[in-house]
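So the structure is just underneath, and the comments pick up after that.
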Amino acid sequence: MQCCAAVAIAMLVAGANQALAQAWPAKPVRVVVPLSAGGGVDTVARVFAAKFSEAWNQPVVVDNRPGAGGTIGADLVAKAPKDGYTLLISASSHAVSASLYPNLPYDALKDFAPATQIISTYLMLAVNPKVPATSVKELVALAKSQPGKLNFGSTGSGSAPHLVSELFRLEAGIDVVHVPYKGDRPLQPALIGNDVQYAFLTPIAVMQHVKTGRLRAVAVTGTQRASIAPDVPTIAEAGLPNAGYVGWMGIFAPGGTPRDVLEKIAGETARILKMPDIASKVPGWGGEAAGTRPEEFTARFRSDVAKFARIIKEARVPQVK
């Protein structure tokens, strides 16, 4: 009797989820961006929110909830109803938080349902022109000849660019000094002024200064060369095959959101990425179109959580408590 009741309940739940997915979205959708307005993730989120609104015939509103390394906005989504009406658009920093913050109010792996990776992103290794290094090999040799003398900047302790920099340090076997800044806006003038000798930044941030001769690009972290800088080698081509990293921007729903809803989000994202007006924007966002299925993004997210945990441990990056 109990077995029959359990089966009946399971069928009712499955039926309810299917009905929800078929009707979704039947009301406005909120997209939480756990970062400040005006940044790269916010820009992408607003473009897709507008496209989603057109496709779904429902308002899709971007809600910026910055703070605590993106964990405030993430927590809001983790605790939202599992119905697909509150979504999170975030970047690789969401995977970093799982290990950087030991006392998170949510479980990064259990409380979110990855829906789709929007784009793949990469960083560019830039050096000040006064630094006598025009390649990764020369930069590493310079650092080894002057242990503890070169400074590298980051967009903040524990940020994805910081951890990529630490991975570079570990793989190159160099002794360099980390100087954290509060975002890339203060980091850029510091690098141009030679307060720090190198940094990993977004291609857009780097290339505007490369064109004016204020910075020199020596490598990209992606698996292939960037379309906006085809003469700049990948970090693997430059001799450090294990120092590369491809980041992402993606969409998450609360854990337990019906699979059909996730598939709808992924399918619409892939369709939008093929639109000419969007495809032309992607290189400017510093990446390449992805539009993956939920299971693909889930695997990628879990892999990145593990990778960043290893870097944080091996580089002895202080956790934020």
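Tabulated values for the structure
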item	result
Computed lengthening from Asp277 to Arg185, 0.36 nm per intervening residue step minus Cα-Cα distance	30.4 nm
Listed residues Ser36, Ile89, Phe52: farthest to the positive end of the dipole of the chain (Cβ charges)	Ser36
Projected area averaged over orientations for the stretch 176-321, convex hull of C-alpha atoms, nm²	11.4 nm²
Centroid-to-centroid separation of the stretch 87-119 and the stretch 125-195 [C-alpha atoms, Å]	27 Å
The stretch 20-103: radius of gyration over Cα atoms, expressed as a fraction of 2.2 N^0.38 Å	1.12
Volume of the Cα convex hull of the stretch 281-321, divided per residue and given in Å³	123 Å³
Inverse mean reciprocal Cα-Cα distance (Kirkwood Rh) of the stretch 124-220, Å	12.9 Å
Ranking of Leu191, Leu167, Leu273 by count of other Cβ atoms within 10 Å, fewest first	Leu273, Leu167, Leu191
Chain lengthening between Lys27 and Arg316 when straightened (0.36 nm per residue, less Cα-Cα)	99.4 nm
Which of Ile251, Ala108, Gly193, positive extreme of dipole for the chain (C-beta unit charges)	Gly193
Whole-number percent relative contact order across the chain, with pairs defined as alpha carbons under 8 Å at least 6 apart	26 percent
Kirkwood Rh in Å, taken over the stretch 150-204 so that all alpha-carbon pairs contribute	11.0 Å
DSSP-assigned coil residues among trypsin sites (Lys or Arg not before Pro) in the stretch 203-274, each with at most 14 further Cβ atoms within 10 Å	Lys211, Lys274
Calculated P(r) of the chain - Cα pairs past 31 Å, %	34 percent
Dipole magnitude of the chain, debye to nearest 20 (Cβ charges: Lys/Arg +1, Asp/Glu -1, about Cα centre)	380 debye
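Read the figures in this text as sums done on the coordinates, not as results from a lab. Computed from a predicted model, the values in this text were never measured in an experiment. Ideal geometry is used to build each Cβ from the backbone, glycine not excepted, and the neighbour counts take in all protein chains shown.
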